[in-house]
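Reading through the C-alpha cells given below for one structure.
The values are calculated or read from the model by the stated rules, or taken from the named source; none is laboratory data. As the structure is a prediction and not an experimental result, all values here were calculated from the model. Every residue, glycine as well, gets a Cβ built from its backbone with ideal geometry; the counts of neighbours run over all protein chains shown.
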Amino acid sequence: MSGAKKAGTKAGTRPEVGERPAPQETGGTVMALDLAPSPDLSPEMQAYFDKCREKIGFVPNVLLAYAHDSAKLEAFAALYNDLMLAPSGLSKLEREMIAVAVSSVNRCYYCLTAHGAAVRSLSGDPVLGEMMAMNYRAADLSPRHRAMLDFAVALTEAPWTIEEEDREALRDAGFSERDLWDISAVASFFNMSNRMASAVDMRPNRAYHGEARGLPEPGDA
C-alpha cells in the first residue's frame, strides 16, 4: 500500500479537510432538456405570464418548462389552477400541504422548493413549512390535517392498498365526499408533476429559496 494512492486524491496532493461545497447555482436553468419556448403562445397564456410577473415577480419555471408546447402548457395551467386555486372544501394552505407531503415522499426538488415556499407564505410559519418538507408527522397537526396527509401519503406510497377504511378515516375527520375527491386529485396531480419534474431535472426559481423564512418575534405568533 505504500506506493498506492488513495482513491479520490491526486498524486502529491492532500484532501482538503473541512472543505466547503461550492455555492449552488440556483438561477438561470429551467430544466435539462433543450426545448425553446413556443413562439405561438396564445394571448391568454402571455397574459397569464404577465400576471405571474406582476403578482410574484417572475414566471415559475414549471410554466417555462411546458412552454415549448402550447397545448400542454394550457392544459397543465388549467388543471393546476382548478385544483389549487378554485373554490374547494380544502383551503389553499391545505392543498399546498398535500403538495409538499407528496413531494417529500417522491423527493422532488422542484416541488418541495416551490410549494414549501407556498406553505411558509400561506401559514406564516416557516417551521411548518420545514416540517411538511421533511416529515409531516413531526408537526403538531389537528386530527383533520393528520388524516388528510396520511391519506395523501398512502396514495403516493402504495395506491393499490387504498380501501374503504381509508376513505372512512377521512369522513371521520370531517371531510365531505367532495373533499375526498379533492384530496385524491391534488395528491394524484403532484405524483404526476413530481415525476415529470424529476425526469427533466426541472429547477425551481431562485426566489423560492428565500421566500417567507422569517420567524415571528416571540409573542407575535
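Taking the conditions (1) surrounded by 13 or more Cβ atoms within 10 Å (Cβ to Cβ); (2) more than 16 Å from Asn205 (Cα to Cα); (3) at pLDDT 95 or above in turn, Lys51 satisfies each one other than (1).
If I filter the range 66-120 down to residues being over 24 Å from Pro37 (Cα atoms) and polar (S, T, N, Q), which single residue comes out as nearest to the chain's Cα centre (by Cα)? If we take residues in the range 66-120 being over 24 Å from Pro37 (Cα atoms) and polar (S, T, N, Q), then Ser103 is nearest to the chain's Cα centre (by Cα). Restricting the search to helices (runs of 4 or more DSSP H) fully inside the range 69-164 and requiring at least 3 residues that are among the aliphatic types (A, V, I, L, M) and surrounded by fewer than 14 Cβ atoms within 10 Å (Cβ to Cβ) gives 70-85.
Residues are listed down the side, and each one gets a yes or a no for (1) without any contact (Cβ under 8 Å) to a residue 40 or more places away in the chain; (2) closer than 25 Å to Gly210 by Cβ; (3) in contact with a helix residue (DSSP H, G or I) (Cβ under 6 Å, 6 or more places away or on another chain):
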| residue | (1), (2), (3) |
| --- | --- |
| Ser70 | yes, no, no |
| Leu79 | no, no, no |
| Glu94 | no, yes, no |
| Ile98 | no, yes, yes |
| Ala101 | no, yes, yes |
| Ser104 | yes, yes, yes |
| Tyr109 | no, yes, no |
| Ala114 | no, yes, yes |
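Scan the range 53-68 for residues that are part of a loop (DSSP other than H, G, I, E, B), touching a Leu at 6+ places or on another chain (Cβ under 9 Å) and closer than 26 Å to Gly210 by Cα and the total you get is 1. Kindly list the number of the only condition in (1) part of a helix (DSSP H, G or I); (2) within 19 Å of Val119 (Cα to Cα) that fails for Pro216. Status for Pro216: all satisfied but (1). Just one of the numbered conditions (1) among the charged types (D, E, K, R); (2) surrounded by fewer than 17 Cβ atoms within 10 Å (Cβ to Cβ); (3) modelled with pLDDT of 95 or more is not true of Asp220: (3).
The set of residues from the range 103-143 being touching a His at 6+ places or on another chain (Cβ under 8 Å) and of a type outside the set (Gly, Ala, Ser) comprises just one member, Thr113. Confirm whether Leu41 is in a loop (DSSP other than H, G, I, E, B), touching a Ser or Thr at 6+ places or on another chain (Cβ under 7 Å) and surrounded by 16 or more Cβ atoms within 10 Å (Cβ to Cβ). Yes, satisfied.
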